[in-house]
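Let me begin by presenting the structure, written as C-alpha cells, before commenting on it.
The values are calculated or read from the model by the stated rules, or taken from the named source; none is laboratory data. It should be emphasised that the depicted structure is a prediction, and the values quoted were computed from it without experimental measurement. All Cβ positions, even for glycine, are placed from backbone atoms using ideal geometry, and neighbour counts span all protein chains on display. Please note that ligands, DNA and RNA were not included when accessible areas were found on the heavy atoms of the full protein model with its side chains. Shrake-Rupley method; radii C 1.70, N 1.55, O 1.52, S 1.80 Å.
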Amino acid sequence: MIFNTGAALLDAIVLAVVSKEPEGTYGYKITQDVRQVIDLSESTLYPVLRRLQKDDCLEVYDRECAGRNRRYYKVTSSGWAQLRLYEGEWRSYSDKITSLFEGKG
C-alpha cells in the first residue's frame, strides 16, 4: 500500500482483528490477520500491542499450547469503547475521501 499507516489506524486495525475472537488471540495470528489488509511485520505489531495494553485497550494472558506458553490478547471494555470511536471516525473519513474520488465533494 502506498498510503502511510499511522499509529491510530494501526491501533484501530489491531483492535478490530483482536475483537473478532471473544477469548482473545495470539500475536502470530494477529499478524497474519492484519496482513490480509495491510503489509505489517511482527516487529511493527508488538509495539502496537504493548501500546494498546498500556492504554488499557487490551488485556494479556498466557495459555499453554503444545507444551509452551502462548501470549493472548483480548479487548477490554476500554478497548471496545476505543474501537467504536475508531469505527465512527473511519466511516466519516472514508466517506469524505470516497466522495472526493467520486466527484461528489
field: Selected from ILE38, ALA81, ASN69, residue furthest toward positive end of dipole (the chain; charges at beta carbon)
entry: ASN69
field: Accessible surface of the chain, 1.4 Å probe, proportion on carbon and sulfur as whole %
entry: 50
For the chain, the longest site-free run once trypsin sites (Lys or Arg not before Pro) in DSSP loop states with at most 13 other Cβ atoms within 10 Å are removed: 21-103
- request: Please report, to two decimal places, log10 I(q)/I(0) for the chain at q = 0.13, 0.15, 0.18 Å⁻¹ as given by the Debye formula with identical point scatterers on the Cα atoms and no solvent.
  value: -0.51, -0.65, -0.88
- prompt: Which whole-number percent is the relative contact order of the chain (Cα, under 8 Å, 6+ apart)?
  reply: 27
- line: Treating only Lys and Arg (+1) and Asp and Glu (-1) as charged, each at its beta carbon, one finds that the chain has a dipole about its Cα centre, in Debye to the nearest 20, of 120
- request: Return the calculated 222 nm mean residue ellipticity for the chain, to the nearest 500 deg cm²/dmol, obtained by summing -39500 (n - 2.57) across DSSP H runs with n ≥ 4 and dividing by the residue count.
  value: -18500 deg cm²/dmol
field: Qualifying lysines (Cα of each under 29 Å from Cα of LYS29; at least 8 residues distant if same chain)
entry: LYS20, LYS54, LYS74
- line: Most packed first (mean Cβ within 10 Å per residue), the peptides 7-18, 36-47 order as 7-18, 36-47
- request: Apply the Karplus parameterisation 6.51 cos²θ - 1.76 cosθ + 1.60, with θ equal to phi minus 60°, to every residue of segment 8-25 and state each ³J(HN,Hα) to the nearest whole Hz, in sequence, with x for glycine and proline.
  value: 5, 5, 4, 4, 4, 5, 5, 4, 4, 5, 5, 5, 6, 10, x, 8, x, 8
message: Cut-off under 17 Å on the C-alpha distance; same-chain residues fewer than 8 positions from LYS96 excluded. Which lysines are left, in chain and number order?
response: LYS104
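Using DSSP to define loop residues, name the GluC sites (Glu not before Pro) in segment 62-105 whose beta-carbon has at most 11 other beta-carbon atoms within 10 Å.
Values: sites: GLU64, GLU87, GLU89, GLU102; in loops: GLU102.
When the GluC sites (Glu not before Pro) of segment 62-105 are filtered for loop state and at most 11 Cβ neighbours within 10 Å, GLU102 remain.
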